[in-house]
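Undergrad: Here it is: the structure, laid out below.
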Amino acid sequence: MSVVHQLSAGWLLDHLSFINKINYQLHQHHEPCCRKKEFTTSVHFESLQMDSVSSSGVCAAFIASDSSTKPENDDGGNYEMFTRKFVFRPELFDVTKPYITPAVHKECQQSNEKEDLMNGVKKEISISIIGKDKGSKPITLPLDACSLSELCEMAKHLPSLNEMEHQTLQLVEEDTSVTEQDLFLRVVENNSSFTKVITLMGQKYLLPPKSSFLLSDISCMQPLLNYRKTFDVIVIDPPWQNKSVKRSNRYSYLSPLQIQQIPIPKLAAPNCLLVTWVTNRQKHLRFIKEELYPSWSVEVVAEWHWVKITNSGEFVFPLDSPHKKPYEGLILGRVQEKTALPLRNADVNVLPIPDHKLIVSVPCTLHSHKPPLAEVLKDYIKPDGEYLELFARNLQPGWTSWGNEVLKFQHVDYFIAVESGS
């Protein structure tokens, strides 16, 4: 369970526990089956037993079976099977100190005031971040050798993709191989009880059981509309425009007009719950409440906040920091239907959504890896519904995810082996 504690004010979450609660286990041949192969442009689908994860460097073929079985090799003999367990890298949630210490924060405030007094203008000040211990080991993360967003851009120029926009790629139980081109502009479904591993441009990604995704940018959302599904919950994490993003070449952003063009009315089921992550800029908050939600026929019902803390319970930034706040907002709304369409699971009662709730957790050190909302929202949504996350960077069982980086945090290098046995 990701909810560690629930109070009237909100919830204390364990994001790392949520990722690892499936308890991934990988069954492998004891006899080495890996050989170096030349790079190909194929997408290899490899089956893992339910609750299992791979890591880079493991064998090119995975067999989902009981550890007591001994499949035959080419010589008629039996392979020994052993189990490896993988979890999300815990150091990515090792936030032991605030990102800005009180002393540094106070010094920056004083320096900022002096600059304003001397020059009569507001200047931006560079702040040193003290978020990691000096003695900690360096964290090696996946290189951006295979940019998912760049692949999406390239895919738009492939001539044969228009024919596949109405198709859905369903991954079957047995191992299969399809070309990378088959992934683009198609909703990919893993309806099995197995986790799948795909190799995309030489990089391995994990597909949880009962999950689906569309890898595309905002100009190619038609396959999601052709999916013939409407959703009871839609979570949106838009790439809001801000000064740091505009100065950086690493992240793209969308204008308010582009965000407003997302076809929420076509994706939302009657009485759909819409949850939008938002930065602390009042400009963005006003835009959601006064323009965005009304244009989608969505009524604002609540405003929640995600509070980021260290492992010891301190705010990751001072509350009065002029630069960064230790919290982010969530605006919750309900789609107001103009037509009398039947509600899904209409006989199931759900609680009204309370206002001003807090979600408290240690943040992942990876940029924009938001905490899960499934368990927090379960009392306010109907069971067995259809759930969608837009601008997603990871997959969840039971959810459809869309974005041009939708597989980013599914990269196997974000997981490590913690134990093995025969």
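FYI, it's all coordinate maths here, none of it is from the lab. Quick caveat, the model's predicted, so the values are computed rather than measured. Note that we place each Cβ from the backbone using ideal geometry, even for glycine, and neighbour counts take in every protein chain shown.
Undergrad: Starting from the Cα of Ser368, step 7 Å along the direction of its Cβ; do the same at Gln167; then give the gap between the two resulting points in nm.
TA: My value for the distance between the label points is 3.0 nm.
Undergrad: Another question, if that's okay. Calculate the FRET efficiency for Ser252 and Lys283 from the Cβ-Cβ distance with a Förster distance of 25 Å, rounded to the nearest 0.05.
TA: Result of the calculation: an efficiency of 0.85.
Undergrad: Still on this model: So between Leu319 and Glu291, what do we pick up on full extension, going 0.36 nm a residue minus the alpha carbon distance? Numbers along the way, then the final one.
TA: On the way: separation 28, 0.36 × 28 = 10.08 nm, distance 2.85 nm.
The Leu319-Glu291 span can extend by a further 7.2 nm.
Undergrad: Something else: Points 7 angstrom from Cα along the Cβ direction at Asn191 and Ser8: gap in nanometres?
TA: According to this spin-label approximation, the distance is 4.7 nm.
Undergrad: May I ask you to list the residues of the stretch 315-337 whose amide nitrogen lies under 15 Å from a point 7 Å from Cα along the Cα→beta-carbon direction of Lys97?
TA: 315-318
Undergrad: Next up: Quick check for me: using +1 on Lys/Arg Cβ and -1 on Asp/Glu Cβ, what's the dipole size of the stretch 187-238 about its Cα centre, in debye to the nearest 20? Display every interim value, and only then the final one.
TA: Details: 5 positive and 4 negative charges, 46 e Å.
Taking the Cα centre of the stretch 187-238 as origin, the dipole is about 220 debye.
Undergrad: Taking a ≥ b ≥ c as the square roots of the Cα gyration tensor eigenvalues, with a/c under 1.5 meaning rounded and otherwise prolate when a/b beats b/c, else oblate, which class fits the stretch 248-312?
TA: Note, shape of the stretch 248-312 comes out oblate.
Undergrad: Report, for the stretch 195-326, the % of DSSP beta bridges that are antiparallel, rounded to 5.
TA: 50
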